[in-house]
C-alpha cells in the first residue's frame, strides 16, 4: 500500500527520529521498509505532544503483518503503519490491533474504509495507490519493441525474460498483482495464466525494493528488465528536473487499487499517545508530505497534491477489485496455489 524514495529502501532496522529533548517514553511506530517522511515531520508530533517517535521497519507489508502476528504476545511497538487492504483481515483476525479509528475521519474518506467487522474499527486509512505494471519507455524505444498494454501481453513471446514482479506471499504489491490476475481471469483461470507467465521467464523477487531498484531497468536502477510491478504513481519519481515527460509509465489496464492503514497495536503501554499518533498520520501535515516521499496518494480530503502528481501521476479508471471478504476467505489457498506455480 503500499512506496518510498531510494533512501528509504535501506531503512531495515530500528531508527530513532530526532526530536526535541523530552522525558516522555518514545512511541514505536512499526512499519514496512518503504515508509518515508520528510525530515522534521515526526518532530512536529513531538513538539505537539512531548512524545518522541521511533520508527522500526519490519520488511515488506506482508512480512510486517506476519511479524505482528508472531509477536502479538510481546508487541514490538505502539502503532503500526502499512497494513493494506490485502492483509488487513489477517491482522484483525489475529487480534494484533486495538479498537481505534481516527476521530478526524469524515464522510469524505468513507470510500477508503474497510467493511465493518473486517478492520473498520481498528484501522485508519492513510494513503492509497494503484498497483500496476510499469514499463521503461526508454528501454523499449532503444530496442524497437512495442510496449505491452494488458495482462494478456505479458505472456507473449516478445516479452520473454523482461518482466519482474514481487512474491505474492511476502509483498503487498506482489499480492495485489496476484489479485489483479484473479479478478481478470477468475478463480479457475488465473493458475493457467501464471503458469504461462512463469514459462515466459518472469522473475519473482521477495519485495518491491529488489524488483524496482535492482532488477527494473528504469533510471533508478541498474537492472535489465523493463517491465515491473510497481505503482501508477511511480513515474513522477523518475522525472528529471525540468523534464516534461516521465521516462517510465504505468499500464492502467493492469492495476489493483491498494489502500494502506495505520492502527494502534494491542498491548501498547500508551494507548492515548498511540491514538494521537494515528491522528497525526491522518493529519494534513503528514498527508501533504506523503506524495513526494512515499509516492502514493493521501486519503485526507483536505490534503494538497504536489505539481509532480498533478502533471505526471495517473489513476486507473477501472482498476481490478477483489472484495476484502473474498480475500479473507481465499487468501491462504490462493497463496498456496501461487507458490506451487511461481516458486522454482
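The values are calculated or read from the model by the stated rules, or taken from the named source; none is laboratory data. Values in this document were obtained by computation on a predicted structure and should not be read as measured data. All Cβ positions, even for glycine, are placed from backbone atoms using ideal geometry, and neighbour counts span all protein chains on display.
Meeting the requirement of 2 or more residues that are assigned by TED's automatic domain parsing to the domain that holds residue 47 and surrounded by 20 or more Cβ atoms within 10 Å (Cβ to Cβ), the strands (runs of 3 or more DSSP E) wholly within the stretch 211-292 are 256-264. Within the stretch 153-192, being surrounded by 14 or more Cβ atoms within 10 Å (Cβ to Cβ) and more than 30 Å from residue 67 (Cα to Cα) holds for 153, 154, 155, 159, 162, 184, 185.
Taking the conditions exactly as written (surrounded by fewer than 17 Cβ atoms within 10 Å (Cβ to Cβ), assigned by TED's automatic domain parsing to the domain that holds residue 269 and at negative phi), does residue 60 satisfy them or not?
no
Would you check if residue 36 is farther than 27 Å from residue 205 by Cβ and assigned to a loop (DSSP other than H, G, I, E, B)? No; evaluated as a whole, the condition is false for this residue. Annotation: of all residues in the stretch 193-206 being assigned to a loop (DSSP other than H, G, I, E, B) and in contact with a helix residue (DSSP H, G or I) (Cβ under 8 Å, 6 or more places away or on another chain), the one that is nearest to residue 64 (Cα to Cα) is 202. Tell me, please, whether a residue that is under 24 Å from residue 90 (Cα atoms), in contact with a helix residue (DSSP H, G or I) (Cβ under 6 Å, 6 or more places away or on another chain), not assigned by TED's automatic domain parsing to the domain that holds residue 111 and not in a helix (DSSP H, G or I) can be found in the stretch 293-307. No: the stretch 293-307 contains no residue that is under 24 Å from residue 90 (Cα atoms), in contact with a helix residue (DSSP H, G or I) (Cβ under 6 Å, 6 or more places away or on another chain), not assigned by TED's automatic domain parsing to the domain that holds residue 111 and not in a helix (DSSP H, G or I). Only one of 190, 194 is out of contact with any strand residue (DSSP E or B) (no Cβ under 6 Å at 6 or more places or on another chain) and under 21 Å from residue 85 (Cα atoms). Can you tell me which? It is 190. Checking the stated criteria, residue 337 turns out not to satisfy the condition of being in a loop (DSSP other than H, G, I, E, B) and assigned by TED's automatic domain parsing to the domain that holds residue 141.
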